[in-house]
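Inspection log for the structure reproduced underneath, given as structure tokens.
The values are calculated or read from the model by the stated rules, or taken from the named source; none is laboratory data. The structure displayed is predicted, hence computed values, not measured ones. Methodologically, a virtual Cβ is constructed for each residue, glycine included, from the backbone with ideal geometry; neighbour enumeration extends over all protein chains shown. What goes into the accessible areas is simple: the full protein's heavy atoms, side chains included, and nothing from ligands, DNA or RNA. Shrake-Rupley method; radii C 1.70, N 1.55, O 1.52, S 1.80 Å.
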Amino acid sequence: MLFGDRILQYKEDILHDIKELVSIPSCAVPGSGTYPYGEEAARALQWILHRAEEMGLSTTNVDNAAGHAQYGEGEEIAAVLTHVDVVPAGEGWTSDPFQAEVRDGKLFGRGVADDKGCAVVALYCLKALKDAGVTGKRRLRAIFGSGEECGMDDMPRYFASQEMPRMAFTPDSDYGICNREKGILQIEVSAPTHDGTTLTAFQSGTVVNAVPDKATVLLDCTETDDHQLQRLADAKTGTFEFRYTLDGMMVQSMGVSSHAMEPQKGFNAATHLIRLLASNFGHSVLGSLCAFLDDAVNLETNGLSLGIRQRDAESGALTLNVGLVDIGPNHAKACIDIRYPVTADGEQILETIRRRAARDNLTVRILNHNKPLYVPQDHPLIALLQDSYQSVTAQPAALYSTGGGTYARQLQGRGVAFGPVFEGQDYRLHKADEFIDIEAFMLHAQICLEAMYRMMTQ
């Protein structure tokens, strides 16, 4: 019997606690003081640390930004990093996103897969080791963040006072082993003021790292323009709804959300709406920001028109997503998420964007910049995780790259992303009706415990 199999005895308790944690709507938002990522994110962190204390584990809470539960002794530390914050629920759910519900062997709810389910599993892995009385070479920590979805600066805050692990993994991606993560550059492009005339307001998106599934614009135009725009919309790709209001014509664009690391899998409601408007009105009356987005981004997700398209053999192609657009009477800004190859120069990409934006008198501000991660395949952690995976599944764990951003890149080359999603699965991360397949997720739990046991003892 593998040690990892011991986690199966906790299955019902794990599912119960995932439901409890999901019920806290811990959408990470920039905060300050006592609640650096909002009160609900802090409450989720406090909940899981309290649960750890009930299990007899020692805990530490670092400024309500992140914390850990710990078991074992030794000078070195091994760790599993997860997060208890989530992206907003969005629209289109068939059940309450914050009341996790089991249907047909699946558990639905915001955060069940990203990443609350994995947080609870990591905690129960510590409990399984403690209940079995395992002693080893290292202290083992389950580290929980509360600001992963809004920039991941929760981990720098945590490690400012806490020791860096000797080895670690984060179950916040796919199986096998992700030893290469693209650079993540998130920027705000803004105009000093809104200089459009026909376009008076534009709203789209809730977070920068997701393709927006809805965009709304308010137009001050003639009835002839209204009719012409509606005829043009019928010929365009996309779903557009028109409604007359006291303030003018309101147009709503409907899209399909997806994670910003794979923007080509979604349908960007904002860029398609801007393309429709530009096709009908031209750039001058829409304002400099919309002109820039239409000309330099258009409907592309590869950065071609912006002059930053590139790829490498190690991690693939650059991706680009316009996640947020916010235009009002006295402001105009858009937030863009770029995932660039591990061998690329992020500073050069930024400089290229700044030069192009300056042509429209726009300013570029960095919201977040996470440099790429690359852990060589001969690192001892890689072999440990490969052996753990193969012991449980009887299948090899291949190395791969991702455009996703995980805590692994915070670990100074000592950690990788590992699980929980198996090949061929789509848990609808960052989408409506996010779920986990319970049977497959318990297989992940077995792999996770087996790996944690080996990190602690080998």
Practice item. Give me the pairs, please: first residue somewhere in region 392-412 and open to solvent by 30 Å² or more (accessible area, probe 1.4 Å), second residue anywhere and in a loop (DSSP other than H, G, I, E, B) and among the acidic types (Asp, Glu), beta-carbon distance under 8 Å, and either six or more positions apart or on two chains. Key: Ser401/Glu314
Check your understanding: Which one of these does Val342 not meet: (1) of a type in the set (A, V, I, L, M); (2) open to solvent by 20 Å² or more (accessible area, probe 1.4 Å); (3) in a strand (DSSP E or B)?
Key -> (3)
Check your understanding: Which of (1) of a type in the set (A, V, I, L, M); (2) open to solvent by 10 Å² or more (accessible area, probe 1.4 Å); (3) closer than 23 Å to Tyr453 by Cα is the odd one out, the single condition Leu81 does not satisfy?
Key -> (2)
Exercise for review: Return yes when Ser391 is at pLDDT 95 or above and among the hydroxyl-bearing types (Ser, Thr, Tyr) and no when it is not.
Suggested key: yes
Practice item. Might you let me know whether region 229-250 holds any residue that is surrounded by fewer than 22 Cβ atoms within 10 Å (Cβ to Cβ) and at positive phi? Key: yes
Practice item. Select the strands (runs of 3 or more DSSP E) contained entirely in region 87-199, then report the ones holding at least 2 residues which are crowded, with 24+ Cβ neighbours inside 10 Å. Key: 138-145, 167-170, 177-181, 183-191
Study note, to complete from the structure: Counting only residues that are touching a residue at least 60 places away in the same chain (Cβ under 8 Å), in a strand (DSSP E or B) and either touching a Pro at 6+ places or on another chain (Cβ under 9 Å) or not small (Gly, Ala, Ser) (or both), region 211-238 contains a total of 2
Exercise for review: Specify the residue that is surrounded by the fewest Cβ atoms within 10 Å (Cβ to Cβ); the eligible residues are those in region 374-391 that are more than 28 Å from Pro263 (Cα to Cα) and hydroxyl-bearing (Ser, Thr, Tyr).
Suggested key: Ser391
**Study point:** Among the candidates Ser305, Ser253, residue that is of a type outside the set (A, V, I, L, M, F, W, C) and assigned to a loop (DSSP other than H, G, I, E, B)
**Key:** Ser305
Practice item. Looking for whichever is in contact with a helix residue (DSSP H, G or I) (Cβ under 6 Å, 6 or more places away or on another chain), surrounded by fewer than 21 Cβ atoms within 10 Å (Cβ to Cβ) and under 21 Å from Leu362 (Cβ atoms) here; the options are Ala278, Ala296. Which one fits? Key: Ala278
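Per-residue answers, yes or no, for (1) at negative phi; (2) open to solvent by 10 Å² or more (accessible area, probe 1.4 Å); (3) among the aromatic types (Phe, Trp, Tyr):
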position	(1), (2), (3)
Ile274	yes, no, no
Phe292	yes, no, yes
Ala313	yes, yes, no
Leu318	yes, no, no
Lys333	yes, yes, no
Ile349	yes, no, no
Ala357	yes, no, no
Review point. Does region 359-373 hold any residues that are outside any strand (DSSP E or B) and either open to solvent by 50 Å² or more (accessible area, probe 1.4 Å) or not aliphatic (A, V, I, L, M) (or both), and which are they?
Key: Arg359, Asp360, Asn361, Lys371, Pro372
Point to revise | Among (1) open to solvent by 50 Å² or more (accessible area, probe 1.4 Å); (2) out of contact with any Asp or Glu (no Cβ under 7 Å at 6 or more places or on another chain) - the single one His283 does not satisfy | key: (2)
Check your understanding: Just one of the numbered conditions (1) part of a strand (DSSP E or B); (2) touching a Leu at 6+ places or on another chain (Cβ under 6 Å) is not true of His68; which one?
Key -> (2)
Check your understanding: Does region 427-450 include one or more residues that are among the small types (Gly, Ala, Ser), in contact with a strand residue (DSSP E or B) (Cβ under 9 Å, 6 or more places away or on another chain), within 18 Å of Met1 (Cα to Cα) and buried (at least 20 other Cβ atoms within 10 Å of the Cβ)?
Key -> yes
